[in-house]
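Working notes, structure below.
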Amino acid sequence: MEIFGISACVLCAVLFAAVVKKSNREYALLMTILTAILILLAVFQKVAPFLEEIEAIAQSESFDSSYLLVLLKAVGITLVGQTTSSLCKDAGESTLAFAVELASKAAILLVSLPVILKIFEYLSEILRI
């Protein structure tokens, strides 16, 4: 139930940033960025056992780990892209937020290209049968 602690921390940061924003917008944005980084670090700490389990599965003989690596890369790109986009929107830079979202989607497509090609290979084999 650590989500309640994280939520309380975020609410305090939001309220404090709203007060600071009236006098100095840059400090409010910096506070928001630092809070987001701290929360991401806390989340990554909690996700570490899950990643270790995934790594153990990937190292098993009966599993092709290249697809798992693609999935993990896509999740990482998504998290970084969404966080950066949200921070850009908070800073009032919606055009930059759109550019970050577009770049992250393109990066996900690029990372997932081997999986897409494998799917098309399987489809062509099925159609030949």
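The values are calculated or read from the model by the stated rules, or taken from the named source; none is laboratory data. A quick note: this is a predicted structure, and the numbers were derived from the prediction, not measured. Methodologically, a virtual Cβ is constructed for each residue, glycine included, from the backbone with ideal geometry; neighbour enumeration extends over all protein chains shown. Side chains are part of the model used for accessible areas, which takes the heavy atoms of the whole protein and leaves out ligands, DNA and RNA. Shrake-Rupley method; radii C 1.70, N 1.55, O 1.52, S 1.80 Å.
Some values worked out for this structure:
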| read-out | value |
| --- | --- |
| Number of the condition not met by Glu101 [criteria: (1) more than 30 Å from Gly5 (Cα to Cα); (2) surrounded by 11 or more Cβ atoms within 10 Å (Cβ to Cβ); (3) not basic (Lys, Arg)] | (1) |
| Residue under evaluation Ser7, criteria (1) among the hydroxyl-bearing types (Ser, Thr, Tyr); (2) open to solvent by 100 Å² or more (accessible area, probe 1.4 Å); (3) out of contact with any helix residue (DSSP H, G or I) (no Cβ under 7 Å at 6 or more places or on another chain), criterion not met | (2) |
| Among (1) in contact with a helix residue (DSSP H, G or I) (Cβ under 6 Å, 6 or more places away or on another chain); (2) open to solvent by 90 Å² or more (accessible area, probe 1.4 Å) - the single one Gln82 does not satisfy | (1) |
| Residue in the stretch 58-65 that is in a helix (DSSP H, G or I) and within 30 Å of Ala28 (Cβ to Cβ) present | no |
| Total residues in the stretch 87-98, condition open to solvent by less than 60 Å² (accessible area, probe 1.4 Å) and part of a helix (DSSP H, G or I) | 3 |
| Residues of the stretch 76-129 satisfying the condition of being under 29 Å from Ala48 (Cβ atoms) and either in contact with a strand residue (DSSP E or B) (Cβ under 7 Å, 6 or more places away or on another chain) or among the β-branched types (Val, Ile, Thr) (or both) | Ile77, Thr78, Val80, Thr83, Thr84, Val100, Ile108, Val111, Val115 |
| Selection within the stretch 10-39 - open to solvent by less than 70 Å² (accessible area, probe 1.4 Å) and not in a helix (DSSP H, G or I) | Asn24 |
| Condition check for Ala42: at pLDDT below 90, surrounded by fewer than 12 Cβ atoms within 10 Å (Cβ to Cβ) and either outside any helix (DSSP H, G or I) or among the hydrophobic types (A, V, I, L, M, F, W, C) (or both) | no |
| Out of Glu52, Glu101, sole residue that is assigned to a helix (DSSP H, G or I), in contact with a Gly (Cβ under 7 Å, 6 or more places away or on another chain) and of a type in the set (Asp, Glu) | Glu101 |
| Within the stretch 45-74, considering residues that are loosely packed, with under 13 Cβ neighbours inside 10 Å and hydroxyl-bearing (Ser, Thr, Tyr), the one modelled with the lowest pLDDT | Ser62 |
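To keep it simple, each residue is scored yes or no on (1) in contact with a helix residue (DSSP H, G or I) (Cβ under 7 Å, 6 or more places away or on another chain); (2) farther than 30 Å from Pro114 by Cβ.
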site	(1), (2)
Leu15	no, yes
Val20	yes, yes
Ser23	no, yes
Leu30	no, yes
Val43	no, no
Val47	no, no
Ser60	no, no
Leu68	yes, no
